[in-house]
1. Could you tell me the calculated FRET efficiency between residue 106 and residue 143, based on Cβ-Cβ distance and R0 = 41 angstrom, to the nearest 0.05?
2. Taking R0 as 30 Å, what FRET efficiency do you get between residue 291 and residue 135 from their Cβ-Cβ distance, rounded to the nearest 0.05?
3. Could you tell me the relative contact order of the stretch 257-316? Use alpha-carbon pairs under 8 Å, at least six residues apart, and round to a whole percent.
4. With contacts defined as alpha carbon pairs under 8 Å and 6 or more residues apart, what's the relative contact order of the stretch 43-128 in percent?
5. How long is the gain from residue 151 to residue 213 if the chain were fully straight, where each residue apart is worth 0.36 nm and the alpha carbon distance is subtracted?
6. Considering the Cα trace of the stretch 43-128, what is its radius of gyration and what is Dmax, both in angstroms?
7. Running Debye on the stretch 247-334 with equal point scatterers at the Cα sites and no solvent, what base-10 log of I(q)/I(0) appears at q = 0.12, 0.21 Å⁻¹?
8. Compute the FRET efficiency between residue 58 and residue 324 as 1/(1 + (r/R0)^6), taking r as their Cβ-Cβ distance and R0 = 41 Å, and round to the nearest 0.05.
């Protein structure tokens, strides 16, 4: 007989209270999920493909108009007209191909994209041209401080008793009365811009800047000794210092004297001539010695004595020389 009054082991279980708090709603995550679902659902339908392509091409045209550059793209009315013509051509191509391939085919959309993307790609290609960032159009730089220095960028001229000899310190240009001895830079060489179609449309509107730098020791033996010449602009060494001949505001040839004799004391000095389209400046060893308005560009570079006259003579020990031509954006309001 079973004893019903016997005590049985009791097992207790912990019961956690049920949380009645609702999960927090994240509006940002919910909106992104909704947008993602809507886009996926919308683009799965092939009948929406033409509208999606039209929207993408419209956005591309607006971005191209927003990134318009007056130097790279030329006048805005012509550039805007080209953008509209490209959009119209893409629409015509799409309609013609829809008739043949149907509305749900990818061929009309792909062809219209090719038609409209080509001119826009040229626009982005032009606004990224290195010329707009100051890349030199023409640059030559040579050191003559060794006997085997290359002369591919310079032409040597000596006559009438003048001589050009290579020394360990550089190239010595010596000339007596009625003698000439100088080097001339080859500036008529082709530039390295092989992709000329990529050049900015308003290239002529950019400001041309020429920089000529040379390091030389000059010794004057006669009343005058030619240092630099470019057409009607010249720098000569005289007893009082330097004599600069240039065109004034009226276009007449005039001269300016600089009473500084240290540039022609026979020791090496660094000369720098800058022509920025509006002014000419001469720097020697970092000092600004002369400045005047510019009337004509530097189309030729000659270093040394170029005049075969009885009162001219001296020598120049040329150790290095360089020439850089850049195109800069015109100043605002110019």
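1. Efficiency, from the Cβ-Cβ distance: 0.10.
2. So, using R0 = 30 Å, E works out to roughly 0.70.
3. About 21 percent, as a whole number.
4. With pairs under 8 Å counted, the relative contact order is 36 percent.
5. Gain on extension, residue 151 to residue 213, equals 20.7 nm.
6. Calculated on Cα positions, Rg and Dmax stand at 14.1, 43 Å.
7. The calculated log intensity ratios at q = 0.12, 0.21 Å⁻¹ are -0.50, -1.44.
8. The calculated FRET efficiency here is 0.40.
Where a number appears in this text, it was derived from the coordinates with a stated rule and is not lab data. These numbers come from a predicted model, not from an experiment. Glycine also receives a Cβ, built like all others from the backbone with ideal geometry; neighbour counts cover every protein chain displayed.
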